[in-house]
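Enquirer: The structure follows.
The values are calculated or read from the model by the stated rules, or taken from the named source; none is laboratory data. On a predicted model such as this, the values are computed, not experimentally measured, just so you know. Using ideal geometry, Cβ is built from the backbone for each residue, glycine included, and neighbour counts are taken over all protein chains shown.
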């Protein structure tokens, strides 16, 4: 009987140790998985940001403005976009890099602007949304120069609502865009898209 009780106690102690070790191993596995996922997300953002910054370098000529809002109550926005379009027919902007720092120079007739730019990437679900942030050095504010809206780039980077993309030899800056959940998943919605073509 004593042998059975002793064996039962040993088994209980051993199973308790095994359970604790098993829980420790599970916790460690979860910690490593979370660390890997965090590193993967950061790497995805960095890769996307660096690739986009490289594709942006060069000189771009303004092409046009398109209102992306889906409802029919955007006549005012469309009229404003048409007016802004006529005043930007000669607008060019050059993005370049010097000593690892990114800059822009803009020209629209007699209006010249300069400053620095950065790209921040926001992740929603599995989709990356790159945002452009511009900081003025000289001339009028970049938001006024590009969009006729001075306050666009003010505030912290995460407050910037200018999504940026490059497709072939076209650059798109989407002002006031957001992300919404559709049947197909997360998608960009609303906003006004300014398009440019590469000239150099």
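Enquirer: Please identify the pairs in which a residue from segment 88-107 that is on the phi < 0 side of the Ramachandran plot and assigned to a loop (DSSP other than H, G, I, E, B) has its Cβ atom under 7 Å from the Cβ atom of a residue that is exposed (fewer than 12 other Cβ atoms within 10 Å of the Cβ) and at pLDDT below 95, counting only partners at least 6 apart or on another chain.
Expert: 90/109
Enquirer: A follow-up question, please. In the set 119, 124, which member is closer than 20 Å to residue 194 by Cβ and either within 25 Å of the chain's Cα centre (by Cα) or modelled with pLDDT of 90 or more (or both)?
Expert: Values: 124 fails: closer than 20 Å to residue 194 by Cβ.
None of the other options fit; the residue is 119.
Enquirer: Taking residue 90 as the residue in question, decide whether it is more than 24 Å from the chain's Cα centre (by Cα) and either surrounded by 16 or more Cβ atoms within 10 Å (Cβ to Cβ) or at pLDDT 95 or above (or both). Can you show your working first?
Expert: Values: more than 24 Å from the chain's Cα centre (by Cα): yes; either surrounded by 16 or more Cβ atoms within 10 Å (Cβ to Cβ) or at pLDDT 95 or above (or both): no.
No; evaluated as a whole, the condition is false for this residue.
Enquirer: Can you tell me which of 160, 138 is in contact with a strand residue (DSSP E or B) (Cβ under 6 Å, 6 or more places away or on another chain), more than 24 Å from residue 199 (Cβ to Cβ) and either modelled with pLDDT of 80 or more or crowded, with 17+ Cβ neighbours inside 10 Å (or both)?
Expert: Matching residue, one of 160, 138: 160.
Enquirer: Taking the conditions exactly as written (in contact with a strand residue (DSSP E or B) (Cβ under 8 Å, 6 or more places away or on another chain), under 23 Å from residue 52 (Cβ atoms) and surrounded by fewer than 17 Cβ atoms within 10 Å (Cβ to Cβ)), does residue 99 satisfy them or not?
Expert: no
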